[in-house]
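The values are calculated or read from the model by the stated rules, or taken from the named source; none is laboratory data. Please read these numbers as outputs of a predicted model, since none were measured by experiment. Every residue, glycine as well, gets a Cβ built from its backbone with ideal geometry; the counts of neighbours run over all protein chains shown. Heavy atoms of the whole protein, side chains included, go into the accessibility calculation; ligands, DNA and RNA do not. Shrake-Rupley method; radii C 1.70, N 1.55, O 1.52, S 1.80 Å.
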Amino acid sequence: MTAIRMVSSVLLLVLMQSGALCARRFRGGRNPQPRRAPPPPTYRADRGDTTESFPLDFTAVEENMNDFMTQVKNLAQSLYPCSAQKLDYDMRLNFLENTSVTCNDGSPAGYYLKESRGSRRWLIFLEGGWYCFNKENCDSRYETMRRLMSSSKWPQTKTGTGILSPLPEENPHWWNANMVFIPYCSSDVWSGVTAKTEQSGYAFMGSLIIQEVLKDLLNKGLDNAKVLLLAGSSAGGTGVLLNVDRVAELLEGLGHTGIQVRGLSDSGWFLDNKQYHCTDCVDTVSCAPTETIKRGIKYWGGVVPEKCKQAHEGEEWNCFFGYRVFPSIKSPVFVVQWLFDEAQLTVDNIQLTGQPVQEGQWRYIQNLGIELRNTLKDVPAMFAPACLSHEVITRNYWIDVQVKGTSLPRALHCWDRSLHDNRNNKAPPKGCPVHLIDSCPWPHCNPTCPTIRDQFTGQEMNVIQFLMHMGFDVQKMAQQQGMDPSKLLGMLSSGS
């Protein structure tokens with residue numbers, strides 16, 4: 001049996017390498033989004049020989065030789081003859097069978113699916129896109145962002161990027177999973193269970209949409225799944241925290257007890273902190289986060305995890321904030337969060353509009369990083385770079401960002417392996433970190449952060465230009481650190 005496993009492993013390696021070559025050969029045929037150009041040398045430190053390798057993940061084999069050989073056979077058939085075959089990378093639109101569950105305007109809700117026959121891993125992604133919390137700003141949202149409230153103009157296909165990419169060089173660990181993208185058209189942070197009424201004017205069914213998608217997918221192979229990863233970004237990331245246990249309970253209630261449900265929340269860990277300066281609550285940008293959620297949860301008829309609801313009875317809005325809901329979640333969840341999240345700064349009324357920030361704003365921004373670190377310290381699996389950005393897991397550059405020398409795909413791979421080993425009573429893998437948080441104190445002090453562009457000129461900025469643009473006082477900071485200003489500039493340039 002050991003010899004068979006070794007031969008099979010070698011065969012799978014050869015086929016996967018062939019698959020990667022074949023995928024690269026056809027990339028030009030699908031008009032992919034170009035990968036981000038390398039930043040200037042002054043901004044990104046030379047990584048030298050630190051290029052990561054990703055060991056093959058044999059957890060998908062499920063330690064079952066019949067399943068394994070089926071996967072090898074399917075992979076071989078899909079690659080032969082790869083030179084004469086146009087590979088289909090796109091996810092295709094499906095509307096829900098239950099037509100009573102709809103988008104805000106009553107149009108049918110749905111999902112995009114790309115099946116990977118032979119794989120027992122499923123990745124279901126929840127799209128983000130803010131929210132509205134009363135009739136007036138929902139009407140405004142419908143006029144300006146109708147795509148996020150209606151399915152009437154959704155395209156028939158969608159190409160996945162980042163963790164949804166089918167290309168192993170862009171998505172080294174999940175490229176061969178069954179991919180599902182659920183468009184956000186409920187404007188309720190995926191929490192609503194309310195049909196359209198005359199008073200509200202809209203349906204808010206985000207949580208129900210997730211459940212109906214799952215029911216539809218059970219007839220398309222999900223019933224045979226081993227792992228289901230519920231992922232999402234921004235409002236979708238918060239949606240993961242609100243729904244991951246509900247997904248696990250639904251599948252268990254339908255008799256599918258063998259499916260391991262996990263969560264991946266990207267840029268959805270918001271703080272209910274005090275704004276830099278208070279303004280009238282007119283829309284989602286001007287309102288304090290707590291106020292919008294308090295109003296929204298009533299307007300949407302939003303639901304939250306039962307255990308969190310019990311802990312915050314009468315104040316269920318607390319459960320929309322990551323550090324408050326996380327202790328009540330039973331399913332394993334990996335949290336990805338920029339320490340200086342642009343959406344958080346926006347709702348906190350820190351407007352980075354090209355003018356140097358004032359000293360009070362600069363202190364507020366630094367304190368935000370400190371507050372986020374404090375709320376994340378007890379999260380077992382997380383990735384928190386000290387960058388000014390928002391969302392990452394579906395970006396082409398998601399593989400480039402590192403924390404303490406480990407990339408996000410690598411950290412997710414380590415997390416996957418640790419969960420697999422825990423279930424099999426094995427020691428966690430050594431040298432495979434899953435709790436990664438930057439310790440440097442200001443935005444973009446991590447040299448692998450995404451490139452920043454000046455909002456007015458569109459020109460790329462290196463880290464020194466960015467900090468000066470933000471009003472960073474090199475002389476003062478060097479004095480506080482007890483070092484020569486030129487030495488501090490050198491450290492910033494090299495990303496030290």
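Can you tell which of Val335, Val240, Val304, Val244 is crowded, with 22+ Cβ neighbours inside 10 Å, modelled with pLDDT of 95 or more and part of a loop (DSSP other than H, G, I, E, B)?
After applying the criteria, what remains is Val304.
Quick check on the stretch 259-271. Is at least one of its residues open to solvent by 10 Å² or more (accessible area, probe 1.4 Å), at pLDDT 95 or above and in a loop (DSSP other than H, G, I, E, B)?
Yes, because at least one residue in the stretch 259-271 is open to solvent by 10 Å² or more (accessible area, probe 1.4 Å), at pLDDT 95 or above and in a loop (DSSP other than H, G, I, E, B).
Just to verify a result, which residue in the stretch 378-409, among those that are among the charged types (D, E, K, R) and either in a helix (DSSP H, G or I) or touching a residue at least 24 places away in the same chain (Cβ under 8 Å) (or both), is surrounded by the fewest Cβ atoms within 10 Å (Cβ to Cβ)?
Filtering the stretch 378-409 for residues among the charged types (D, E, K, R) gives 378, 391, 395, 400, 404.
Now drop any that are not either in a helix (DSSP H, G or I) or touching a residue at least 24 places away in the same chain (Cβ under 8 Å) (or both), which leaves 391, 395, 400, 404.
On the way: Glu391: 22, Arg395: 20, Asp400: 20, Lys404: 12.
Restricting to residues being among the charged types (D, E, K, R) and either in a helix (DSSP H, G or I) or touching a residue at least 24 places away in the same chain (Cβ under 8 Å) (or both), the top hit is Lys404.
Working carefully through the options Arg373, Arg324, find the one that is surrounded by fewer than 22 Cβ atoms within 10 Å (Cβ to Cβ) and more than 24 Å from Leu126 (Cβ to Cβ).
None of the others qualify; the one that does is Arg373.
Please enumerate the residues belonging to the stretch 215-232 that are under 19 Å from the mean Cα position of the chain (by Cα) and either of a type outside the set (Gly, Ala, Ser) or open to solvent by 10 Å² or more (accessible area, probe 1.4 Å) (or both).
Within the stretch 215-232, Val227, Leu228, Leu229, Leu230 qualify.
Test Gly314 against the stated conditions and say whether it is free of Cβ contacts under 8 Å to residues at least 12 places away in the same chain, part of a loop (DSSP other than H, G, I, E, B) and over 24 Å from Leu368 (Cβ atoms).
In short, yes.
State which residue is surrounded by the most Cβ atoms within 10 Å (Cβ to Cβ) when the search covers only the stretch 94-116 and only residues that are small (Gly, Ala, Ser) and either closer than 22 Å to Thr161 by Cβ or free of Cβ contacts under 8 Å to residues at least 60 places away in the same chain (or both).
That would be Gly110.
Condition first: among the basic types (Lys, Arg) and closer than 28 Å to Tyr299 by Cα. Can you find one or more residues in the stretch 115-125 that meet it?
Checked against the condition, which is being among the basic types (Lys, Arg) and closer than 28 Å to Tyr299 by Cα, the stretch 115-125 yields no hits at all.
What is the residue count in the stretch 153-192 for residues that are more than 18 Å from the chain's Cα centre (by Cα) and outside any loop (DSSP other than H, G, I, E, B)?
Number of matching residues: 2.
Looking at (1) in contact with a helix residue (DSSP H, G or I) (Cβ under 7 Å, 6 or more places away or on another chain); (2) free of Cβ contacts under 8 Å to residues at least 12 places away in the same chain; (3) within 26 Å of Arg117 (Cβ to Cβ), can you tell me which one Asn219 breaks?
Looking at each condition in turn, Asn219 falls short on (1).
Does the stretch 193-214 hold any residues that are under 22 Å from Cys308 (Cβ atoms), part of a helix (DSSP H, G or I) and open to solvent by less than 10 Å² (accessible area, probe 1.4 Å), and which are they? Spell out the reasoning first.
Just the residues of the stretch 193-214 that are under 22 Å from Cys308 (Cβ atoms), to begin with: 193-194, 204-211, 214.
Now drop any that are not part of a helix (DSSP H, G or I), which leaves 206-211, 214.
Those that are under 22 Å from Cys308 (Cβ atoms), part of a helix (DSSP H, G or I) and open to solvent by less than 10 Å² (accessible area, probe 1.4 Å): Gly206, Ser207, Ile209, Ile210, Leu214.
How many residues are open to solvent by less than 10 Å² (accessible area, probe 1.4 Å) and not in a strand (DSSP E or B) when one looks only at the stretch 117-136?
Total satisfying the criteria: 2.
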